[in-house]
Amino acid sequence: MKLLVCISKAPDTTAKIAFTDGDTKFDENGVQFIVNPYDEWYALVRALELTETSGGTVTTITVGTAADDPTIRKALAIGATDAVRIDADPKDSFYVAKQIAEYAKANEYDIVLTGKETINYNGAQVGAMVAELLGQPFVSLATKLEVAGNVATLERDVSGGIEVVEVGTPFVLSAAKGMAEQRIPNMRGIMAARTKPLNVVQPVDCDDLTSVVAYSKPDEKAACKYIDPENMDELVNLLHTEAKVI
Amino acid sequence: MTVVVFVESKNGNLVKAGLEAVSYGKRIGETTVVTFGDLSSDALAGAGTYGASKVLVHRGITEGNGDQLTQLVAKTAESLGADVVVLAQDQTGKSIGPRIAAKLGAGHVSSAVDVPDTSNGFVVKTNVFSGKAFAHVAVNSAIKVISYTPNSLAATKDGGNAPVEELNLDLGDNRITVKERKLQEGDVAPLPEAELVVSAGRGLKGPENWGIVEDLAKTLGATTACSRPVADIGWRPHHEHVGQTGIAIRPNLYIASGISGAIQHLAGVNGSKTIVVINTDAEAPFFKAADYGVIGDAFEVLPRLTEAIKKFKESNN
Ligand SMILES: Cc1cc2nc3c(=O)[nH]c(=O)nc-3n(C[C@H](O)[C@H](O)[C@H](O)COP(=O)(O)OP(=O)(O)OC[C@H]3O[C@@H](n4cnc5c(N)ncnc54)[C@H](O)[C@@H]3O)c2cc1C
Ligand SMILES: Nc1ncnc2c1ncn2[C@@H]1O[C@H](COP(=O)(O)O)[C@@H](O)[C@H]1O
C-alpha cells in the first residue's frame with residue numbers, strides 16, 4: 001500500500017493568540033509549534049498501522065518553509081518512511097490543496113490522508129479540495145479505516161450520527177478522533193528520523209483565491225456573576241430575564 | 001447578487017443550520033435553495049419564509065453522498081450564474097463545501113460568522129484559532145463559496161412560501177457505498193446545532209453519576225456534552241466530546257459542571273452566547289470564561305437547578 005499523509009504544523013494548544021503588523025499576521029513570537037493533532041494522532045498513526053500489518057510505505061507531505069522541518073522530522077520519528085516538503089509559504093487552503101494534488105497526481109497513492117482540520121485556521125478544507133482536484137472520492141470525518149485489497153471500509157461522522165461506507169482505492173479522507181491512538185516517538189525513531197529522506201520540491205503556480213486582510217479578537221467577556229449555590233431560582237431568573245436564553 | 005444556498009433535510013424537515021444559511025444568503029442577494037430527497041413540496045416551500053425566492057429539489061438522490069451533492073450544487077450554481085454559494089458548515093457541509101469551490105474554481109471561506117462586508121471588495125468574518133480570534137478573509141475570485149458556522153446568526157422569518165421546482169440533472173456516479181447508517185435516536189438536536197447544552201467533566205467522578213446531568217438536560221430540552229477525558233475513559237460516548245479536538249459548538253446556553261475549563265476545552269465552547277459554570281473550586285479557570293458562576297458541588301447544584309427549571313417552566317405555562 002502506498003499512502004500519503006498530509007502534515008501541517010499548528011501552534012501548541014496553549015499558545016497565546018496575538019497578532020502583529022497592524023493585526024495582519026499571527027505573532028509567532030514565543031509560540032511553540034506542534035504537529036497538527038489530527039494529522040499526527042489520527043491520520044499518520046492509522047497509516048502506519050496499516051502498512052505495519054499489510055506492508056507498504058507512508059510518505060508525508062507538507063506545504064511549508066524550512067521552519068516546518070522540525071514538525072516533519074517528528075512525523076518521521078513516529079515512523080513515516082520518507083517526507084516531502086513543497087517549498088512555499090502557504091497562502092490559503094486552495095494553494096495548499098493544489099500543491100498536494102499536483103504531487104499526488106504524479107506519484108499515485110492508494111489513499112491520501114489529511115486531518116479533519118488544522119487547529120489554527122480550522123478550515124477543514126484541504127482534504128476535500130485535494131479529492132476534487134484529483135477527481136477521487138472523499139470520505140470526510142473518518143473515525144475508522146480498514147483496508148482489504150483495493151476496497152476500504154470506513155466509519156465516518158455524518159450530521160446526527162455515523163455511517164459505515166465502502167469505497168475503492170484510490171481515494172482521499174480526512175481523519176477525526178477514533179481512527180487511532182496517539183503514539184509517542186521513541187529514541188530509536190528520533191535517531192532514525194535524522195537520516196530519513198526529506199525531499200524539498202518546488203511549488204507549482206497557483207492564484208490566491210482568498211487572502212486574510214486582518215485579524216481581530218472577540219470582545220472581552222464581562223466579569224462572571226456569582227450565584228449562591230443554594231439559590232438556583234435566581235440563576236434561572238437571570239437566564240430568562242437577563243441572558244434571555246431560556 | 002445571485003445566491004445559491006444548499007440545504008439538507010433530516011427527519012422530515014429542512015435542517016435548522018440550513019435555514020439559517022438561507023437567511024444569511026438573503027442578506028447577500030436573491031436566494032435560490034437547492035436541496036434533494038423526498039421531502040414534500042409543501043415542506044420545501046417553507047424555505048421561502050426564511051428568505052428563499054425559489055426552491056430547487058433533486059428527487060433522484062435520497063441519501064446524502066459527496067460525489068453527487070457536489071455535482072448538484074456546482075451545476076445549479078453554474079446554470080443560475082450564481083455569484084455566491086452558501087452552505088451550513090455541518091458534517092455534510094464539511095464534506096462538500098470545499099469540493100464545490102474547487103470544482104467551480106471559487107475561493108472558499110470556511111467558518112463564516114457574519115455576512116460579507118462588500119464596502120471594499122468581498123470580505124467575510126470567520127472563526128479561527130478555535131474561536132480565540134476572527135480572520136477577515138477577502139475572496140478574490142468571481143464566484144465565492146461560503147461555509148456558514150451554524151448558530152452564528154439567527155434565522156429571519158419574514159417571507160412567504162417559495163415556488164418549488166424539480167431538478168432534472170445528471171449527477172454522475174456515486175463512488176461511495178453506504179453500508180449502514182446509525183442516526184442518533186430521539187428528538188434532541190445534534191450537538192453542532194443545539195441551542196442548549198448541558199455538559200459535565202471529570203468532576204462527576206463516574207459514569208454512574210450522569211443521571212443528574214441527563215435530568216437537567218431533559219428538563220431543559222438540551223443536548224448533553226462532555227470534556228475529553230470523560231470520553232477517553234469511556235464514561236460517555238465520543239460524539240459528546242467538545243473542545244479543540246472534539247466538536248466546536250456555539251449554543252445560546254452552555255452549562256458546564258465539574259469541568260476545570262482547560263484552554264483546549266474552552267476552544268470548543270467559547271463561542272457560546274451564555275456560559276454557566278458549576279465547580280467546587282473557586283479558582284477553576286472556567287470561571288474566567290463564564291457569564292454566571294456557581295461555586296458549589298455539582299451533586300447538589302444540578303438537582304437543585306433541575307427543580308428550579310421545572311418550577312420556572314410550570315409557572316410560564
Ligand atoms: C492537544 C490537546 C487537546 C485537547 N483537547 C481537548 C478537548 O477537545 N476537549 C477537552 O475537554 N479537553 C481537551 N484536552 C484536555 C484538557 O487539557 C483537560 O485535560 C480536560 O479538559 C480536563 O477535563 P475535565 O475538566 O473534565 O477534568 P479536570 O481537569 O480533572 O477537572 C475536573 C473539575 O471538576 C471540578 N470538580 C470536582 N468535583 C466536583 C464536584 N463535586 N462538583 C463540581 N465540580 C467538581 C474540579 O474542581 C475540576 O475543576 C486537550 C488536551 C491537549 C493536550
Ligand atoms: N500546509 C499544509 N501542508 C500539508 N498539509 C496541510 C497543510 N495545511 C493543511 N494540511 C492538511 O489538511 C488538513 C485540513 O487543513 P485545513 O483545511 O487547513 O483545516 C490538515 O489536517 C492537514 O492534514
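Here, each number is a calculation from the coordinates, and none is a lab measurement. None of the values given here were measured: they were computed from a predicted structure. Glycine gets a Cβ as well: all are built from the backbone with ideal geometry, and neighbour counts include every protein chain shown.
Scaling against 2.2 N^0.38 Å puts the C-alpha radius of gyration of region A:2-216 at 0.99. For chain A, the longest principal axis of the C-alpha atoms and the axis of helix A:232-241 are separated by about 80°.
Shape of region B:191-315 from the C-alpha gyration tensor: rounded (a/c under 1.5, with a ≥ b ≥ c the square roots of its eigenvalues).
With coordinates expressed along the principal axes, the C-alpha atoms belonging to the protein assembly as shown extend over 68, 62, 50 Å, beginning with the largest. With both labels modelled 7 Å from their Cα along Cα-to-Cβ, the B:Glu30 to A:Thr241 distance reads 4.9 nm. Note on A:Thr65/B:Lys313: beta-carbon distance plugged into 1/(1 + (r/R0)^6) with R0 of 56 Å gives a FRET efficiency of 0.45.
The length gained by stretching the chain between B:Leu169 and B:Ser41 to full extension, at 0.36 nm per residue less their Cα-Cα distance, is 44.3 nm.
Restricting to lysine pairs 8 or more places apart or on different chains, what number in region B:2-167 have Cα atoms under 17 Å apart? Count of close lysine pairs: 15.
Once C-alpha pairs closer than 8 Å and six or more residues apart are averaged by separation and normalised to the residue number of region B:191-315, the relative contact order reads 25 percent. Overall, the protein assembly as shown carries a charge dipole of about 540 debye about its Cα centre when +1 sits on the Cβ of Lys and Arg and -1 on the Cβ of Asp and Glu, all other atoms neutral. Remark: mean inter-chain Cβ contacts per residue of A:92-99 equal 3, using a 10 Å Cβ-Cβ cutoff to other protein chain atoms.
Placing a label point 7 Å from the Cα of B:Asn209 along the Cα-to-Cβ line, the residues of region B:298-316 whose backbone N sits under 19 Å from it are B:298-307. Its Cα gyration tensor gives chain B an equivalent ellipsoid; the semi-axes, largest first and in whole Å, are 37, 21, 19.
Working from label points 7 Å from Cα in the Cα-to-Cβ sense, the B:Ile233 to A:Thr53 distance is 2.9 nm.
Reported value for region B:2-167: 103 Å³ per residue, from the convex hull of its C-alpha atoms.
Taking label positions 7 Å along the Cα-Cβ direction at both B:Asp297 and B:Lys182, the computed distance is 3.6 nm, reported to one decimal. For region B:156-204, the orientation-averaged shadow of the C-alpha convex hull comes to 8.5 nm² (one quarter of the hull surface). Roughly how many Å is it from the Cα centre of region B:229-262 to that of region B:58-120, as a whole number? Their Cα centres are 29 Å away from one another. Put simply, when A:25-35, B:237-247 are sorted by average Cβ atoms within 10 angstrom per residue, most first, you get B:237-247, A:25-35. For a paramagnetic label modelled at 7 Å from the Cα of B:Asn140 toward its Cβ, which residues of region A:197-211 fall within the zone defined by backbone nitrogen distances under 16 Å? Under cut-off, by backbone N: A:204-211. Taking the DSSP bridge list for the protein assembly as shown and keeping only pairs wholly inside it, about 35 percent are antiparallel.
Each of A:Ile78, A:Ser159, A:Val213 was scored by the projection of its Cα onto the charge dipole of chain A, and the greatest displacement toward the positive side belongs to A:Ile78; charges sit on the C-beta of Lys, Arg, Asp and Glu.
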